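> I have a structure I would like to understand better, so I am pasting it below and will then ask my questions one at a time.
What follows is calculated from the coordinates using simple rules that are stated; it is not laboratory data. Note that this is a predicted model, so its numbers are computed, not measured. A quick note on method: Cβ atoms are made from the backbone with ideal geometry, for glycine too, and the neighbour counts reach across all protein chains shown.
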Amino acid sequence: MSAAAPCFDDVRSAALRLQGIAHRTPVLTSTYLNQEVGAEIFFKCENLQRMGAFKFRGAYNALAQLDDAQKQAGVVTFSSGNHGQAVAMSARLLGMPATVVMPSDAPTMKIAATRGYGADVVLYDRYKDDREAITADIAQRSGALFLHPYDHADVIAGQGTAALELFDEVGPLDALLTPLGGGGLLAGSALAAHGVAPACQVFGVEPLAGNDGQQSLREGRIVTIAAPKTIADGAQTKSVGRLNFPILQKHVSEVLTATDGQLVDAMRVFASRMKLVVEPTGCLALAAVRAHRERFAGRRIGIVISGGNVDVEQMCALLAGPAVT
Ligand SMILES: *Cc1c(COP(=O)(O)O)cnc(C)c1O
């Protein structure tokens with residue numbers, strides 16, 4: 001494993017490593033949405049990936065490269081969301097111990113799922129404790145590897161394999177859109193696009209309330225914001241990663257934004273028209289395409305649906321609200 005920037009070859013190697021282990025998720029289309037947007041849209045359904053999100057790809061790609069001694073020492077991370085579950089599941093597949101540091105008020109379902117994948121869950125008080133200090137302490141005492149959720153070359157390369165599969169299946173695209181949190185998915189996807197379809201424009205999509213990535217690309221430096229309030233909990237990051245940012249600068253055309261209301265509307269369309277359960281963060285790219293129809297009309301577009309881990313109760317409550325667009 002290296003701290004050096006990942007390149008397209010790393011995405012290809014990750015794809016080989018994940019073959020037969022990650023699902024090759026389906027690519028779906030919707031006549032309704034094609035007509036609505038006036039474009040040809042291909043949806044890469046990572047909501048149907050193992051553990052319910054693309055994060056399995058990056059975590060497994062990173063952990064699979066450890067040597068036996070490192071595997072024995074295990075892995076530790078902090079995450080109340082999909083990365084924690086991805087690390088837990090990957091570690092179990094590789095026979096490694098895993099510890100996930102989670103806030104004590106995280107949904108019991110998520111804590112149970114992470115434990116269910118065999119990880120040790122260490123709870124902390126999000127108002128009093130310093131999760132990074134707790135995680136660093138565990139890493140130091142156990143010799144376990146700390147695996148960052150996005151600022152890591154092998155994680156970025158792994159996340160890029162979803163886009164690689166999409167291009168492999170549908171051929172060249174005019175535009176590719178993915179959600180943007182810390183930039184693991186977007187950087188990996190941009191490397192894949194640059195490698196196999198260099199004419200394809202790549203877009204990231206952030207919650208409007210947390211557009212640090214958009215600001216960063218405009219200002220040419222990593223902008224850090226306060227933790228944004230949004231239902232897109234997978235994109236509540238305060239800044240993009242250090243390894244990620246130069247890749248975004250090089251290969252990403254623009255970062256677009258979507259409001260929470262637009263995310264709920266996209267979630268409703270996914271459920272009613274495509275029979276898909278998509279978590280709010282996974283709705284970002286479709287929400288942006290629907291909000292910017294004029295830019296995407298007449299083009300072939302790829303959209304990465306990044307995840308489907310939403311509580312049924314939360315989804316029902318969101319969909320019961322009024323339609324926005
Ligand atoms: C983590 C996550 C994202 C954001 O990914 P980054 O690599 O942090 O940009 C988007 N969608 C879902 C479902 C996620 O779990």
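> Work out the length of the dipole vector of the chain about its Cα centre, built from +1 on the beta-carbon of each Lys and Arg and -1 on the beta-carbon of each Asp and Glu, and round it to the nearest 20 debye.
280 debye
> Okay, moving on. Decide, for region 145-300, between rounded, prolate and oblate: order the square roots of the alpha carbon gyration tensor eigenvalues as a ≥ b ≥ c, take rounded if a/c falls under 1.5, and otherwise choose prolate if a/b is larger than b/c, else oblate.
rounded
> Which residue, 139, 118, 54, has the largest displacement toward the positive end of the dipole of the chain when charges sit on each Cβ (Lys, Arg +1; Asp, Glu -1)?
Of the options given, the answer is 54.
> OK, next. For region 2-123, just say rounded, prolate or oblate: build the C-alpha gyration tensor, square-root its eigenvalues into a ≥ b ≥ c, call rounded for a/c under 1.5, and beyond that prolate if a/b exceeds b/c, oblate if not.
Judged from the Cα gyration tensor, region 2-123 comes out oblate (a/c at least 1.5, b/c at or above a/b).
> Moving on to the next point. Residue by residue, what Karplus-based ³J(HN,Hα) values in Hz, rounded to whole numbers, does region 148-153 have, using 6.51, -1.76 and 1.60 with θ = phi - 60° and x for Gly and Pro?
Per residue, the Karplus-derived 3J(HN,Hα) values read 5, x, 8, 8, 7, 4 Hz.
> Considering the zone a paramagnetic label at residue 19 would reach in this model (a point 7 Å from Cα along the Cα-to-Cβ line), which residues of region 70-97 have amide N under 20 Å from it?
In region 70-97, the label zone of residue 19 (backbone N under 20 Å from the point 7 Å along Cα→Cβ) covers 94.
> Which shape class, rounded, prolate or oblate, goes with region 84-137 when its Cα gyration tensor gives a ≥ b ≥ c as root eigenvalues, a/c under 1.5 marks rounded, and past that a/b bigger than b/c marks prolate?
Oblate, since a/c reaches 1.5 and b/c is not below a/b.
> Order the peptides 109-117, 190-198 from the highest to the lowest mean number of other Cβ atoms within 10 Å of their residues.
Ranking, from highest mean packing down: 190-198, 109-117.
> At R0 = 35 Å, how high is the FRET efficiency between residue 319 and residue 133 if r is their beta carbon distance? Nearest 0.05 is fine. Spell out each step's value before the answer.
Details: r = 39 Å, r/R0 = 1.12.
It comes to 0.35.
> Mind telling me which of 199, 258, 162 comes out most flexible in a GNM of the chain, alpha-carbon contacts under 10 Å?
Maximum fluctuation in the GNM of the chain, among the listed residues, is at 199.
> Another question, then. Please give, to one decimal in nm, the separation of the simple spin-label points placed at residue 109 and residue 292, each 7 Å out from Cα toward the Cβ.
Once both label points are built, they end up 3.2 nm from each other.
> Here's something else I'd like to know. Can you tell me the order of 240-247, 137-144, 266-273 when each peptide is scored by its average per-residue count of other Cβ atoms within 10 angstrom, highest first?
Details: 240-247: 21.6, 137-144: 15.2, 266-273: 18.8.
Highest to lowest by the protection proxy: 240-247, 266-273, 137-144.
> Next up: Over 31 Å between Cα atoms: which of 110/275; 71/229; 55/275; 128/250 fall into that group?
The answer is 71/229; 128/250.
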